[in-house]
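Heads up, the thing below is written out as structure tokens.
Nothing in this text is a laboratory measurement; each read-out follows from the coordinates by a stated rule. Note that the structure is a prediction, hence the values are computed from the model and not measured. No Cβ is skipped: glycine too gets one built from the backbone with ideal geometry, and neighbour counts run over all protein chains shown.
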Amino acid sequence: MTPVVRIQREDFDLGAEVAALARGDADIGAVVSFTGLCRDESCRLAALELEHYPGMAEAEIARVAAEAAARWPLSGLLAIHRFGLIRPGEQIVLVIAASSHRREAFEAADFLMDYLKTRAPFWKREHLADGSIGGWVEAKADDDRAAERWS
Amino acid sequence: MNQHVAAPPLKLVYFAWVRERVGLADEIVSPPPGTATIAELVRWLKTRGEGYELAFENEAIVRAAIDHTHAKPAASIAGAREIAFFPPMTGG
């Protein structure tokens, strides 16, 4: 099983990605997905601008995905992360894990998201509702603690 | 014989507020001979101007990667082609 990793400006379609991942594999009994959306932070934000490090973003998510694939018996694993200007309500990130049983799929998807947040080279900058450009979003200690659960 | 071999030119890339403070997205540099680690490279960069000083003001916060792989301050930069500096990541 080779994990699928895509870094793209375009939106993605959860249903289409699940169908593509599960197609032709009747051994899959569980598909878990996580979709991260852009919030408006109580109407404060007009958009989030996502900057990334091309080349390393793909490589780092692929390394984390390979770790997940080594740790759980998975039939399919996918991560899509968008970059560019993303407006409230729009999708930012998608993780899908497929396995014979649900526990492995839940854990692998959770692990992949925790590590993606702390290791994938992406940075968010706020664009405010009044049209001005706000600051860079600060990293959360909670995200580091979430990732440490797995080590 | 104590002969220093000049290090080959190195590509540096900067992201998010590190890029804004340095004032460049990328550059080619030739660090002084003997610059062996990420921490030593940062120490040298900080001598190159106010922007660098501001970017690396809090060295413990700025992260580094060598050739697309996360690297600690003590990591050797020998043979590196591209070194990146950036704030803690906020993707996902």
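Over the residues of chain A, the helix contribution to mean residue ellipticity at 222 nm works out to -10500 deg cm²/dmol, using -39500 (n - 2.57) for each DSSP H run of at least 4. Taking 14 Å as the straight-line reach from the Cα of B:Lys11, the aspartates and glutamates in range (excluding those fewer than 8 positions away in the same chain) are B:Asp26, B:Glu27, B:Asp67, B:Glu82.
Spin-label model, A:Glu67/A:Arg149: points 7 Å from Cα along the beta carbon direction are separated by 1.5 nm.
Can you list which of the DSSP-assigned H helices in chain A have a Cα extent of 15 Å or more along the long axis and an average Kyte-Doolittle score of at least -0.5? Spell out each step's value before the answer.
Details: long enough: A:56-71 (22 Å, 0.34); A:102-119 (25 Å, -0.72).
Sorted by number, the helices that extend far enough and score high enough are A:56-71.
Place a point 7 Å from Cα of A:Ser100 in the direction of its Cβ. Which residues in the range A:24-46 have their backbone N less than 20 Å from it? Backbone N within reach: A:24-32. The amide H of B:Thr69, built 1.01 Å from its N in the peptide plane, has no neighbour under 5 Å, considering only residues 5 or more places off or on other chains. Of the peptides A:117-125, A:130-138, the order by per-residue mean of other Cβ atoms within 10 Å, starting with the highest, comes out as A:117-125, A:130-138. Comparing B:Ile38, B:Ile61, B:Ile77, which has the greatest mean-square fluctuation in the GNM of chain B with Cα pairs linked when under 10 Å apart? In the Gaussian network model the winner is B:Ile61.
At R0 = 45 Å, how high is the FRET efficiency between B:Ser76 and A:Asp130 if r is their beta carbon distance? Nearest 0.05 is fine.
0.40
Protection proxy ranking, highest mean first, for peptides B:64-74, A:38-48: B:64-74, A:38-48, where packing is the per-residue count of other beta-carbon atoms within 10 Å, averaged. Taking 17 Å as the straight-line reach from the Cα of A:Lys117, the lysines in range (excluding those fewer than 8 positions away in the same chain) are A:Lys140.
Averaged over peptide A:109-116, the number of partner chain Cβ atoms lying within 10 Å of each residue's Cβ comes to 1. The mean number of partner chain beta-carbon atoms within 10 angstrom of a residue's beta-carbon across peptide B:67-78 is 2.
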